[in-house]
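Structure first, then comments.
Just so you know, all these numbers are worked out from the coordinates, no wet-lab data involved. Values in this document were obtained by computation on a predicted structure and should not be read as measured data. Quick reminder, even Gly has a Cβ in these numbers, built from the backbone with ideal geometry, and neighbours come from all protein chains shown.
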Amino acid sequence: MEPITEETAPMAPVEEIKPEKPGILKYILPFLLIVLILTADQILKIWVKKHMFPGEEKPIAGKWFLLHFIENNGIAFGYEFSGNTGKLLLTLFRIFASCLIVYYLVTLIKRNVSYGLIISVALIFAGATGNIIDSVFYGLWFKDINISTYDYQAGLFHGRVVDMLYFPVLQGHYPLWIPRFGGNEYIFFRPIFNLADSSITIGVLLIILFFRKSLKRT
């Protein structure tokens, strides 16, 4: 009978290391952030709709930060899809995308991944949901307010997204010697957006700058 050595000794079974379960705060804080963003976004949008008319401006900080009320049918920063069919398809796509995002957010929390990545995805979800509320419900909520101006007779799923944050920090005219653009006015930053758009942008930038590797491992 051969003596038992280190090489011939049977291997002890290796216990599977299970990931640590996330604490309750890891669920509460991201969704609390979502609620806060949605509340602030809707309060500002509803205030603008009730106290301003489309195209009106109110200075907040000199000439470089204004509230400028516009409405659009579509995407962030005033870009839109035209037509009732395009509007409906975009709203449905937003709802579908938001369902995927919140499912992914819960999955990240269960996996107990980087808290920064969880917050970033929560910001994206909050922003997407904020604009969905406009698209789904504003066609009903505001249909009786100055219909001739707002043109809100489309109903459910056809509301317009409210934008108002405008930062024309730099304004002027291109030098005349510049081909094609010479003498034309330039404005930086030209897009008009809302808090929901800002939330999406911040979440995406955080992922790109700090959490790309964490995203690949999920």
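For segment 25-217, a/c is not less than 1.5, where a ≥ b ≥ c are the root eigenvalues of the C-alpha gyration tensor, and a/b does not top b/c. That puts it in the oblate class.
Lysine pair count for segment 25-217 (Cα-Cα distance under 22 Å; residues 8 or more apart in sequence or on different chains): 16. Each peptide in 57-65, 186-194 receives the mean, over its residues, of other Cβ atoms within 10 Å, and ordering these scores from highest gives 186-194, 57-65. Stretching residue 31 away from residue 180 to a fully extended chain increases their span by 48.7 nm, per 0.36 nm per residue minus the current alpha-carbon distance.
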